[in-house]
Each structure stands twice: as structure tokens, then as C-alpha cells.
1. Just wondering, is there one or more residues in the range 36-47 that are among the aromatic types (Phe, Trp, Tyr), surrounded by 15 or more Cβ atoms within 10 Å (Cβ to Cβ) and free of Cβ contacts under 8 Å to residues at least 60 places away in the same chain?
2. Would you tally the residues in the range 16-64 being over 21 Å from PRO6 (Cβ atoms) and either in a loop (DSSP other than H, G, I, E, B) or hydrophobic (A, V, I, L, M, F, W, C) (or both)?
3. Return the only residue of ALA47, ALA42 being small (Gly, Ala, Ser) and modelled with pLDDT of 90 or more.
4. Of all residues being open to solvent by less than 90 Å² (accessible area, probe 1.4 Å) and of a type in the set (Gly, Ala, Ser) in the range 3-35, which is nearest to VAL65 (Cα to Cα)? Just the residue, please.
5. Criterion first (open to solvent by 80 Å² or more (accessible area, probe 1.4 Å), closer than 17 Å to VAL9 by Cα, touching a residue at least 24 places away in the same chain (Cβ under 8 Å) and not β-branched (Val, Ile, Thr)) does LYS56 satisfy it?
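The values are calculated or read from the model by the stated rules, or taken from the named source; none is laboratory data. What you are looking at is a predicted structure, and each value in this text was computed from that prediction instead of being measured. Every residue, glycine as well, gets a Cβ built from its backbone with ideal geometry; the counts of neighbours run over all protein chains shown. Calculation scope for accessible area: heavy atoms of the full protein, side chains included, ligands and nucleic acids excluded. Shrake-Rupley method; radii C 1.70, N 1.55, O 1.52, S 1.80 Å.
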Amino acid sequence: MALPPPNPVLRRQVIQLYKELLHMGKEYPQGYSYFRPRLHRAFMSKAGLRDEGEIKQAIATAQFVQK
């Protein structure tokens with residue numbers, strides 16, 4: 001059973017947020033090599049979300065962490 005395609009607008013927001021967090025990770029105190037795998041794991045744990053409400057909630061959480 002195929003999953004429905006994600007909303008392209010939300011997909012773009014998630015990718016942009018990921019890139020911004022990766023850029024911020026370059027200045028992480030424990031180093032980029034420590035930060036990047038953890039960021040990747042966090043995003044991959046939510047990769048299966050298809051409900052737009054859940055995706056928006058995950059984006060809001062990531063933006064809170066970004067601040």
C-alpha cells in the first residue's frame with residue numbers, strides 16, 4: 001500500500017529547516033561531527049509522517065529548538 005505524497009509546501013519547509021539547522025550545527029560546541037548524525041536521526045524518525053497536522057507540529061518543535 002503506497003503512502004500519499006507529502007504536501008510540497010511542507011516538504012520545502014522541512015528541507016529548509018534541516019539546512020538551517022545543519023548550518024547552525026557548524027558552531028555546535030561538541031562539533032559538527034557530533035551534531036549532524038543526531039540531527040539526521042531526529043529528522044528520519046519523523047520521515048514517515050503523512051498527516052499535515054503532525055508535520056506542522058514537528059516543524060514547530062524544530063523551530064523552537066532552533067531558537
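1. yes
2. 9
3. Selected residue: ALA42, the only one of ALA47, ALA42 that is small (Gly, Ala, Ser) and modelled with pLDDT of 90 or more.
4. GLY25
5. Considered against the rule, which asks whether it is open to solvent by 80 Å² or more (accessible area, probe 1.4 Å), closer than 17 Å to VAL9 by Cα, touching a residue at least 24 places away in the same chain (Cβ under 8 Å) and not β-branched (Val, Ile, Thr), LYS56 comes out as yes.
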